[in-house]
Structures are given as structure tokens and as C-alpha cells.
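The values are calculated or read from the model by the stated rules, or taken from the named source; none is laboratory data. These numbers come from a predicted model, not from an experiment. In this analysis, Cβ positions are derived from the backbone assuming ideal geometry, glycine residues included, and neighbour counts consider all displayed protein chains. Quick note on the areas: whole protein, heavy atoms, side chains included, nothing else; ligands and nucleic acids left out. Shrake-Rupley method; radii C 1.70, N 1.55, O 1.52, S 1.80 Å.
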Amino acid sequence: MSNPSPQTHLIKRFLWLSWPVWFVVGSILFVNFQKSQSDPEIFYLMDMGTHLPVAASEFQGKIVYVDVWASWCVPCRESMPHAQALSDQYAARGLAVIGINQDTDMVAAYQFLNLLKINFQQLGDPTGEFMMAQNIDALPTVLVFDRMGQLRHRYVGYTQADRATIDAEVLALLEE
């Protein structure tokens, strides 16, 4: 039998001494995962521009217009420019417009945004966490939340005929 090398001894010692740290980190991650799964109002998605996590609580006190989309979605080519127009027109009055992207091909998502000149905040949801929490099964889906975070309007699919109705409902919420 040969004696273990000094490197093997060092690795074993590191693993033995670091297991409490890994246990604590794993426990924290598990608790946060359980919390986010049990409360659909809590979500953490990645900002596609900054690559930093974004929580739902960051939009507290605003009317929030959420457009859930993907680059391969044909009606999304109409809903996203409408969302951009709403953002341009009402951001100063307290409207937060957010896109939540469902692509797993991020190159296609960025190309889509560049092609349509979309510059409002985009969050990535390639695992579908937000879609599952909000029971979304079609794209695009637009959700409009009031200043208290309550879902007030839900639109599944998009046509130009929806534009006037959506505009009126967003404006009414801004005036409340």
C-alpha cells in the first residue's frame, strides 16, 4: 500500500473542513427556493441587460405592465412595439413596462429586441418559472398589475384590435 500524496491529503482536509459551509449555503438556497415556489408573488428573474437578479418587490407602488414573449412568437412582433409605446408615453406617470422572455436561445431574443428597437426592461425566464406561477400557457400574454401588486387585467394573444382596450385600461389604472 502506498501513502497518499500531499495533494490528496490536502484535498481530503479541505473537504472535511468545508462541509459546514456547504451545508449552510445549501440550506439557505433550499429555503429560498421553497419560499419562491410557495408564493407566486415572489419571483427572481435575471435582467437581460445587466444580468442581475430582479425581484417583484422592485416594482412596488407602480402600475406594472408585463408582456410575456418569445422571439419565435408571431403575435409578439405586434405586442412588443405596443408595450414600447406605452413605456415611452407613461413611464413618467408611474408605469413600469417589463418584458419577460421565454427563449432558451438568447441570441435570438437579443436579435428580436434589436430588430424591433425595444428598450424597456427585459427579464429572462427560460425555465418558465414566471409562466408557471402565473398560469400562462400562451404567448404573448400581457398582465397588468395595479399599484398594490394585484393582477387587474390579463390578455392572452394580441391583435391590433386589443390596443385601444389595453390603452384605456392602463390609463384608468394610472389615474386611480
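Within the option set S87, S79, being more than 22 Å from P53 (Cα to Cα), open to solvent by less than 50 Å² (accessible area, probe 1.4 Å), under 18 Å from the mean Cα position of the chain (by Cα) and at pLDDT 95 or above holds for one residue only, S79.
If you check F130 against the conditions, is it of a type in the set (F, W, Y) and either at pLDDT 95 or above or exposed (fewer than 15 other Cβ atoms within 10 Å of the Cβ) (or both)? Taking the combined requirement at face value, the residue does not satisfy it. Considered as a group, the residues in segment 52-76 that are touching a Gly at 6+ places or on another chain (Cβ under 7 Å) and part of a strand (DSSP E or B) include one that is surrounded by the fewest Cβ atoms within 10 Å (Cβ to Cβ), and that residue is I63.
Residues in segment 80-101 that are in a helix (DSSP H, G or I) and in contact with a Leu (Cβ under 9 Å, 6 or more places away or on another chain) were compared, and the one that is nearest to L139 (Cα to Cα) is M80. Taking each residue of segment 66-80 that is closer than 14 Å to L45 by Cβ and looking for partners that are open to solvent by 10 Å² or more (accessible area, probe 1.4 Å) and among the aliphatic types (A, V, I, L, M) with beta-carbon atoms closer than 7 Å, six or more apart or interchain, yields V68/M131; V68/I136; V68/L139; W69/L139. Would you check which residues across segment 93-127 are free of Cβ contacts under 8 Å to residues at least 60 places away in the same chain and open to solvent by 50 Å² or more (accessible area, probe 1.4 Å) and list them? Those that are free of Cβ contacts under 8 Å to residues at least 60 places away in the same chain and open to solvent by 50 Å² or more (accessible area, probe 1.4 Å): T104, D105, M106, V107, Q111, N114, L115, K117, N119, P126, T127.
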